[in-house]
Structure formats: C-alpha cells, structure tokens
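Asks: Here it is, the structure in full.
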Amino acid sequence: MTSVSTHILDTSVGRPAAGVAVHLSVRPGRDAPWTPHGTSTTDADGRCKDLPEPPEGTAHVRLDFAVEPYLARRGAFFPEVAVVFAVTPGEHHHVPLLLNPFGYSVYRGS
C-alpha cells in the first residue's frame with residue numbers, strides 16, 4: 001500500500017496552519033496528464049489525515065496547497081504552493097510544508 005500524508009506549519013507564528021485546502025493529483029509517468037484524486041483540509045494540528053491512497057501504477061503525486069485564504073490577513077506572496085514528488089510503491093510518503101507569508105519549504109518526513 002502506497003500512502004501520502006502532509007501537514008503545514010506556519011513558521012511565522014510557530015503554529016500549525018488549520019483550514020488550508022489540499023488537492024492531491026496523480027500521474028503514472030512524466031509525460032502523462034495529472035488526474036485529480038482527492039481533497040482534504042488541514043485540521044487544528046495542520047494535518048491532512050484523510051488523503052486517499054494513490055492508485056496502483058502512480059509514479060508522481062502533486063499536492064496543491066491553497067494557502068492564499070489562510071495567509072490573506074497578512075498578505076500572501078504565494079497564493080498557492082504545488083509540490084510534486086515521486087512515489088515508491090508500498091511506501092508511506094509524508095511531505096510537510098513549512099509556510100510563511102513570503103516563503104515556504106518542503107521535505108520528505110517520516
């Protein structure tokens with residue numbers, strides 16, 4: 001079983017980012033089109049615990065974070081963040097987003 005999870009930490013306030021919509025898309029290879037596969041919203045801990053498993057044959061996953069509404073009160077330089085990564089069948093892929101109004105970073109977590 002291949003799985004994907006994420007969470008968002010707002011580094012400008014040192015707290016989880018709650019209420020951010022996250023869209024998951026998949027594709028079987030570099031030249032294939034993206035297929036929407038599921039959506040979630042970060043909870044009070046900034047986590048999406050209910051993203052669906054990518055279908056068999058998925059090579060790449062894209063997480064689209066709709067951060068503009070969350071950052072709107074402080075100004076959002078980046079209205080959305082798209083993170084694309086390769087998946088290995090049978091592994092869990094946790095991809096946290098560290099966010100602030102003027103920057104972000106991601107990494108493969110555990």
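The values are calculated or read from the model by the stated rules, or taken from the named source; none is laboratory data. A quick note: this is a predicted structure, and the numbers were derived from the prediction, not measured. Every residue, glycine among them, receives a Cβ derived from its backbone with ideal geometry; neighbour counts consider all protein chains shown.
Every residue, every condition in (1) touching a Phe, Trp or Tyr at 6+ places or on another chain (Cβ under 6 Å); (2) exposed (fewer than 15 other Cβ atoms within 10 Å of the Cβ); (3) at pLDDT 95 or above; (4) not in a strand (DSSP E or B), yes or no:
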position	(1), (2), (3), (4)
PRO52	no, yes, yes, yes
GLU56	no, yes, yes, yes
LEU63	no, no, yes, no
TYR70	no, no, yes, yes
ALA76	no, no, no, yes
VAL84	no, yes, yes, no
HIS93	no, no, yes, no
TYR104	no, no, yes, no
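Asks: Next question. Please enumerate the residues belonging to segment 28-46 that are assigned to a strand (DSSP E or B), in contact (Cβ under 8 Å) with a residue 12 or more places away in the chain, surrounded by fewer than 17 Cβ atoms within 10 Å (Cβ to Cβ) and not small (Gly, Ala, Ser).
Replies: Selection gives PRO36, THR39, THR41.
Asks: So the check is Cβ under 9 Å with 6+ separation or different chains; which pairs have a first residue in segment 65-82 that's closer than 15 Å to SER40 by Cβ and a second one that's part of a loop (DSSP other than H, G, I, E, B) and among the hydroxyl-bearing types (Ser, Thr, Tyr)?
Replies: Every condition considered, the pairs that remain are PHE65/THR42; TYR70/THR42.
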